[in-house]
Amino acid sequence: MKETATKQKLDEVISEAQDYLFEIQEDGGYWQGDFKSNPTIEAEHLMLTEFLGIQDDDQWAKIINYLKRKQLEDGSWNIFPGGKGNLSTTIECYFAMRLAGEPADGEELTKAREFIMDRGGVPETRVFTKIWLSLFGIWDWDNIPSMPPELIFFPDWFPINIYEFGSWARGTIVPLLIVMSKRPVHELPEEKKIPELFPEDWDGTVEEQGEDYNLFSWSRLFEIADDALKYYHRLPWQPGREKAIKKCEEWILERQEADGSWGGIQPPWVYSLLALYILGYSVDDPVMEKGIEGLDSFSKEGEDELKLQACVSPVWDTAWAIISLVESGVRPDHDSLDEAGRWLLDQEIRTKGDWAVDLEDVEPGGWAFEFANDNYPDTDDTAEVIIALDEIDLSTRQQEKIEAIDRGVQWLLAMQSSNGGWGAFDVDNDNELLYEIPFADFGAIIDPPTVDVTAHILEMMGRLGFDLSDKPVKRGYEFIREKQNDDGSWFGRWGVNYIYGTGSVLPALDVLDEDMSKPYVRRAVNWIKEHQNDDGGWGETVESYSNPELAGEGESTPSQTAWSLISLIAAGEIDSPVTKRGIKYLLDQQTDEGTWEEENYTGTGFPGDFYIGYVLYRHYFPLMALGRYRRELDR
């Protein structure tokens with residue numbers, strides 16, 4: 001009787017979750033959840049619009065209201081819910097509020113200033129924050145590490161060139177090459193400057209030598225180069241400088257997307273607008289106008305507040321929504337899935353982007369994360385879109401679907417790196433030497449192959465009939481085996497963290513018909529079991545990136561519980577008490593609306609620096625886990 005009641009509850013929860021997804025499907029057939037990040041995005045929007053002279057008083061007031069609401073008790077701002085205050089984010093929010101006219105002696109800024117000064121003030125902040133402050137004359141450009149625009153001419157075979165940087169860093173650095181060579185200053189009235197954020201005894205110099213200083217090291221070599229570049233900048237004659245700046249300008253113009261963005265994400269977008277403006281483009285120029293209007297489309301405006309999304313994720317959300325619906329029992333020919341599939345087909349990217357620098361002869365055939373990002377399709381989205389398309393029947397476009405899947409598979413095969421894994425945007429983008437550059441103090445700047453992306457691609461291949469006898473699959477499999485941690489888990493680059501990595505690998509192994517009784521698999525299964533919380537769920541804090549001892553530790557969340565359950569189901573643990581407790585957690589946590597609540601961030605942009613709250617993670621992953629559980633029960 002009890003098992004019958006549980007099955008009935010399972011059916012009800014799945015049905016309500018399916019209904020919820022259908023209700024929030026957008027008119028075009030896609031799904032799109034909010035993309036949450038941190039208040040740095042809003043603060044930099046205020047700084048950008050001040051610099052460009054396009055302030056909107058109503059928008060500014062709403063952003064200030066939002067920043068005030070996000071401020072913590074100690075006066076700081078953090079980069080993920082529940083996290084401690086972040087110095088650079090707090091300084092940027094403080095300065096943005098001063099730009100908007102908030103008094104330095106007001107309660108909010110007084111508390112923020114105490115937090116900032118307890119941590120050393122402006123001199124202790126990151127390079128990007130100092131660049132923003134230099135744009136307003138608050139920090140000296142001479143104290144910013146140099147990045148010469150001539151870098152744009154370095155050939156792709158040279159150890160350091162723009163294509164050695166990850167796509168997101170590359171799209172940010174090229175416009176900054178212009179900004180940092182031109183060194184503009186937007187003069188501010190005295191009442192908007194922030195001398196109060198500098199130590200009283202600070203003499204204006206920056207200490208370059210750290211505790212691990214070594215006279216004979218790459219770091220020292222780059223410091224010498226930085227000094228030389230600063231000297232070169234002061235010379236009256238700089239041969240090739242303007243030609244390099246012109247080349248950077250052309251590079252930027254070539255990469256503006258249809259929605260006005262650059263790379264579909266905030267950093268390249270705002271720095272490209274700054275660079276073009278500094279070069280003399282007016283805000284009425286079509287390129288600038290398109291970029292500025294595009295930023296507005298990323299905003300979420302309410303009656304009293306305005307926040308901005310650093311990115312949008314419709315392709316990613318739509319692929320996972322389709323997969324979760326089909327795997328929870330929705331017919332593959334359902335009208336809503338047909339509409340979503342046709343939308344995905346229309347998003348296929350048929351032009352070459354930066355990835356083609358290393359793969360000139362490869363036919364394009366991938367998908368990006370956003371509405372418009374033709375220059376940077378990514379392997380992870382492409383794999384999930386192919387899985388989604390393969391699972392549904394498209395009434396009028398079946399042949400198109402088959403051809404698109406084939407192109408996507410061939411593109412992914414070409415994107416495999418030499419170590420057998422896959423990065424997100426480029427092949428063999430793993431030059432760690434770049435981290436020695438003084439400028440590079442801002443988190444991830446390269447895009448090496450990762451376990452989670454590789455596992456998603458292997459799962460896709462397994463679903464399409466590939467197996468371990470196929471060389472690319474075998475190489476990817478060996479990459480994953482090599483990356484397993486001693487405790488049995490796998491690191492998660494794009495999701496938090498070891499739960500995400502492990503939750504990506506085990507389903508892929510299952511689809512590839514791996515023997516799930518092998519010792520290395522059982523170590524992973526045992527790791528998942530050992531990290532179940534008392535409430536039956538699973539959770540992991542983003543702090544596990546900086547402190548691996550926190551791997552698998554944190555308050556339960558629906559998405560991380562779902563990833564853990566998907567792992568256990570893939571490993572044949574359908575009857576395990578641990579699995580049953582996890583299923584009960586998801587059943588009990590569903591809201592009256594048919595969804596789940598999740599405040600903690602479980603998505604990752606840059607480990608240690610930028611985390612993401614994907615609003616729909618709380619929904620389609622639990623639905624997928626429950627669907628797979630029910631499917632196994634019915635066998």
Review point. Debye sum, Cα scatterers, the stretch 56-185, no solvent: what log₁₀ I/I(0) at q = 0.12 1/Å?
Key: -0.58
Check your understanding: Expressed in whole Å with the largest first, what are the equivalent ellipsoid semi-axes of the chain derived from the C-alpha gyration tensor as the square root of 5 times each eigenvalue?
Key -> 42, 28, 25
Practice item. Starting from the coordinates of the alpha-carbon atoms of the stretch 553-635, obtain the Kirkwood hydrodynamic radius over all distinct pairs and give the value in Å to one decimal. Key: 13.4 Å
Exercise for review: Working from Cα positions, state the angle (0 to 90°, nearest 10) between the long axis of helix 40-52 and the longest principal axis of the chain.
Suggested key: 40 degrees
Practice item. Identify the trypsin sites (Lys or Arg not before Pro) of the stretch 289-383 meeting these criteria: DSSP loop state and at most 16 other C-beta atoms within 10 Å of the C-beta. Key: ARG350, LYS352
Review point. Roughly how many nanometres apart are two label points built 7 Å out from the Cα toward the Cβ at ARG581 and ASP486?
Key: 2.7 nm
Practice item. Calculate the dipole size of the chain relative to its Cα centre from +1 charges on Lys and Arg beta carbons and -1 charges on Asp and Glu beta carbons; express the result in debye to the nearest 20. Key: 1040 debye
Check your understanding: So how far, in whole Å, is the C-alpha centre of the stretch 470-549 from the one of the stretch 84-99?
Key -> 37 Å
Review point. Can you list the aspartates and glutamates whose alpha carbon is less than 12 Å from that of LYS246, not counting same-chain residues fewer than 8 positions off?
Key: GLU150
Review point. Among all the lysines, which ones have a C-alpha under 16 Å from LYS474's C-alpha, if same-chain residues fewer than 8 places away are not counted?
Key: LYS483
**Study point:** Positive-end residue, the chain charge dipole about Cα centroid, Cβ charges, pick of GLY29, LEU46, PHE606
**Key:** PHE606
Check your understanding: What number, rounded to the nearest 500 deg cm²/dmol, is the helix-based mean residue ellipticity at 222 nm of the chain, given -39500 (n - 2.57) per DSSP H run of at least four residues and division by all its residues?
Key -> -15500 deg cm²/dmol
Study note, to complete from the structure: The size of the Cβ-based charge dipole (Lys, Arg +1; Asp, Glu -1) of the stretch 465-532 about the Cα centre, to the nearest 20 debye, is 160 debye
Review point. Which whole-number percent is the relative contact order of the chain (Cα, under 8 Å, 6+ apart)?
Key: 16 percent
Study note, to complete from the structure: Gyration tensor on Cα atoms of the stretch 430-535, a ≥ b ≥ c root eigenvalues, a/c under 1.5 rounded, else prolate if a/b beats b/c, else oblate, says oblate
Point to revise | Computed over the stretch 2-105, the ratio Rg/Rh where both radii use C-alpha atoms and Rh is Kirkwood | key: 1.23
Exercise for review: Using label points projected 7 Å from each Cα along Cα→Cβ, tell me how many nm separate LEU72 and ALA356, to one decimal.
Suggested key: 4.6 nm
Study note, to complete from the structure: Quick numbers on the stretch 249-326, Rg and Dmax over C-alpha atoms in Å, give 15.2, 52
**Study point:** Entries in LYS68/LYS290; LYS36/LYS290; LYS62/LYS182; LYS9/LYS584 that, when Cα-Cα distance is taken, lie over 21 Å
**Key:** LYS68/LYS290; LYS36/LYS290; LYS62/LYS182
Practice item. Calculate, in whole percent, how much of the Cα-Cα pair population of the stretch 471-626 lies beyond 25 Å. Key: 25 percent
Practice item. Would you compute the Debye intensity of the stretch 476-526 from its alpha-carbon atoms alone, equal scatterers and no solvent, and pass along log10 I(q)/I(0) at q = 0.22, 0.27 Å⁻¹ to two decimals? Key: -0.76, -1.14
Practice item. Pick out, in residue order, every one of the GluC sites (Glu not before Pro) in the stretch 371-478 that is DSSP loop and has at most 10 other C-beta atoms within 10 Å; say none if there are none. Key: none
Check your understanding: Under a point-charge model restricted to the Cβ atoms of Lys and Arg (+1) and Asp and Glu (-1), what is the dipole moment magnitude of the stretch 21-157 relative to its Cα centre, in debye to the nearest 20?
Key -> 400 debye
Revision key, fill the gap. In degrees rounded to 10, the 0-90 angle between helix 617-633 Cα long axis and the longest Cα principal axis of the chain is 20 degrees
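A short reminder: the numbers here are calculations on the coordinates, not readings from a lab. Note that the coordinates shown come from a computational prediction; the quantities given were computed from them, not determined experimentally. Positions of Cβ are backbone-derived with ideal geometry, glycine not excepted, and every protein chain shown enters the neighbour counts.
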